[in-house]
Amino acid sequence: MGSDLRVFVRSSLGRLTASYLLIIMIMSIGFSVVLYRESSRELGRQIPSQTVFDQRGFGYRSEVHDFFEDRIAEGRRVLLARLVLLNMVTCIAGAGLSYYLAKKTLEPIEENMEAQSQFISDASHELRTPLTALRTTNEVALRRSKLSAADAKDLLQANLEEVIKLQQLTDSLLRLATRTEGQLAVAHVPLQLLITDVVQAMAPAAALKHIEIQETIPDMQVSVDKEAFSQVITILLDNAIKYSPNASTVRVAAVAKNKSLELTVKDQGIGIKAVDLPHIFDRFYRADHSRTRQQVEGYGIGLSLAQKIVQQHGGTITAKSKPGSGATFTVRIPIS
Ligand code: ADP
């Protein structure tokens with residue numbers, strides 16, 4: 001956690017604790033004042049008349065009255081002392097309670113801020129690598145006394161590739177950052193059409209590796225955000241193609257069972273090791289696989305975005321794999 005965040009949380013904790021304590025003390029003191037007033041008034045009513053008259057009609061000061069008056073004054077003092085003591089105890093216990101409540105109130109905010117600052121630092125880290133590459137190639141080229149047209153063209157080509165990568169990364173980061181709750185535009189869409197559109201869009205990438213994509217999709221309507229759900233299938237198909245050998249098969253299938261749609265994307269690729277499986281949906285996580293790192297480009301954002309979208313649809317996404325014999329991703333979303 002950054003020091004700024006820590007200072008913010010600490011100062012907010014102090015202010016919130018003070019506010020809670022103020023509320024508790026206003027209530028406690030207010031209640032005590034009302035109690036003291038009512039009790040004093042009630043006690044005052046108990047005093048017998050100050051003057052008593054004998055049989056002849058002579059009035060004289062009542063001793064009983066004085067006795068009662070003394071006792072009542074004493075009673076009031078004791079009541080006041082007890083109320084002051086009670087408020088002091090309330091203040092001490094209230095401070096502890098206020099601190100606890102303020103901490104509980106700030107906990108989710110703190111977690112959210114921490115996740116955000118982690119996201120920013122991860123994203124900056126990812127952006128730095130292509131930016132450093134760009135800077136170095138340009139600096140090296142500028143230091144050369146002569147640069148032929150062919151070299152300049154190569155340099156521009158290399159720069160362009162890095163810029164394209166940066167653009168893809170910032171696009172993915174933006175999609176991930178803006179995909180927040182309540183943004184879904186859910187509508188009834190034919191599942192076959194939705195999947196076929198995505199498969200067609202992925203066909204050129206699959207063709208480059210002579211990969212066949214097979215579809216087994218029932219004729220049914222689903223209530224989803226078409227654009228977001230297509231993105232999920234795109235991410236899964238893109239990975240299936242990226243992590244599969246040439247001339248293999250990727251299968252996309254869907255079945256409706258137990259009031260949910262179960263969609264699977266199965267490939268015959270390199271698969272995912274058991275140690276990586278629990279982390280592949282984490283942001284920026286890429287399996288530390290020499291083949292993955294060297295040959296396949298990516299930033300480890302796709303699956304976390306897919307998971308976010310599926311969860312927004314009230315569903316789950318899971319992965320199963322046997323390294324060396326492919327991976328299967330299953331998306332389950334509720335259907336009515
Ligand atoms: P990216 O593919 O850009 O690295 P993802 O978030 O889509 O990011 O995937 C995270 C990691 O999960 C990948 O780096 C890869 O190691 C692993 N992975 C995802 N899909 C597959 C797959 N179909 N086969 C093998 N590994 C996969």
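The values are calculated or read from the model by the stated rules, or taken from the named source; none is laboratory data. Since this is a predicted model, take the numbers as computed values, not measurements. Cβ: placed from backbone, ideal geometry, glycine included. Neighbour counts: every protein chain shown. These accessible areas exclude ligands, DNA and RNA; they are computed on the full protein's heavy atoms, side chains included. Shrake-Rupley method; radii C 1.70, N 1.55, O 1.52, S 1.80 Å.
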>> Can you tell me the length gained on complete extension of the stretch Ala93 to Ala201, counting 0.36 nm per residue apart and subtracting the Cα distance?
In response: 32.4 nm
> Over all directions, what mean area does the Cα convex hull of segment 1-76 project, stated in square nanometres?
Replying inline: 6.8
> Can you tell which of Ala73, Leu101, Val34 lies farthest toward the positive end of the dipole of segment 34-167, using +1 and -1 charges on the Cβ of basic and acidic side chains (Lys, Arg; Asp, Glu)?
Replying inline: Ala73
>> Pairs of alpha-carbon atoms within less than 8 angstrom and 6+ residues apart define the contacts here; what relative contact order does the chain have, in percent?
In response: 13
> Where the Cα atoms of segment 61-178 are projected onto their three principal axes, how long is each span, largest first, in whole Å?
Replying inline: 123, 30, 18
>> Which entries of Lys242/Lys322; Lys226/Lys266; Lys209/Lys259; Lys209/Lys257 have Cα-Cα distances beyond 28 Å here?
In response: Lys209/Lys259; Lys209/Lys257
> What residue among Val255, Val222, Val84 has the largest mean-square fluctuation in a Gaussian network model of the chain, using Cα springs under 10 Å?
Replying inline: Val84
>> Just want the answer: with Cβ charges of +1 for Lys and Arg and -1 for Asp and Glu, which residue in Ala123, Thr136, Asn87 is farthest toward the dipole's positive end in segment 86-136?
In response: Thr136
>> Test of the criteria: in segment 185-283, which trypsin sites (Lys or Arg not before Pro) are in a DSSP loop and have at most 11 other Cβ atoms within 10 angstrom of their Cβ?
In response: Lys259
> What are the semi-axes of the equivalent ellipsoid for segment 192-238, taken as the square roots of 5 times the Cα gyration tensor eigenvalues, largest first, in whole Å?
Replying inline: 20, 12, 7
>> Ordering Met202, Met113, Met27 by accessible area with a probe of 1.4 Å, largest first, what comes out?
In response: Met27, Met113, Met202
>> Return the Rg/Rh ratio of segment 33-105 with Cα-based radii and a Kirkwood Rh.
In response: 1.36
> So which residue, out of Ser148, Ser32, Ser11, gets the largest mean-square fluctuation from a GNM of the chain using Cα contacts under 10 Å as springs?
Replying inline: Ser148
> Hey, if you put +1 on the Cβ of every Lys and Arg and -1 on every Asp and Glu Cβ in segment 165-318, which of Ile280, Leu261, Gln231 ends up farthest toward the positive end of that dipole?
Replying inline: Ile280
> In square angstrom, rounded to the nearest 10, how much accessible surface does Asp288 have for a 1.4 Å probe?
Replying inline: 110
>> From Cα pairs below 8 angstrom and at least 6 apart in sequence, can you work out the relative contact order of segment 198-336, rounded to a whole percent?
In response: 26
>> Let me test this: with uniform point scatterers at the alpha carbons of segment 187-336, what is the Debye-based log₁₀ I(q)/I(0) at q = 0.13, 0.16, 0.21 1/Å?
In response: -0.55, -0.84, -1.44
> Hey, what does the equivalent ellipsoid look like for segment 139-215, semi-axes from the Cα gyration tensor as sqrt of 5 times each eigenvalue, largest first, whole Å?
Replying inline: 40, 21, 8
> Rounded to the nearest 5, what % of the DSSP beta bridges within the chain are antiparallel ones?
Replying inline: 85
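Give the range of the longest stretch in the chain that excludes all GluC sites (Glu not before Pro) found in loop regions by DSSP and having at most 13 other beta-carbon atoms within 10 Å.
That gives 1-180 as the longest site-free run.
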> Using every alpha carbon pair in segment 125-264, what percent of pairs falls into each 10 Å bin from 0 up to the bin containing the largest distance?
Replying inline: 10, 27, 27, 20, 11, 5, 1, 0
> Across the chain, how large is the tail of the calculated P(r) beyond 28 Å, expressed as a percent of all Cα pairs?
Replying inline: 65
>> With +1 assigned to the C-beta of every Lys and Arg and -1 to the C-beta of every Asp and Glu, and no other charges, what is the dipole magnitude of the chain about the Cα centre in debye, to the nearest 20?
In response: 400
> With charges set only on the Cβ (+1 for Lys and Arg, -1 for Asp and Glu), what does the dipole of segment 85-240 come to about its Cα centre, in debye to the nearest 20?
Replying inline: 640
>> Rg and Dmax in Å for segment 1-133, alpha carbons only: what are they?
In response: 30.6, 118
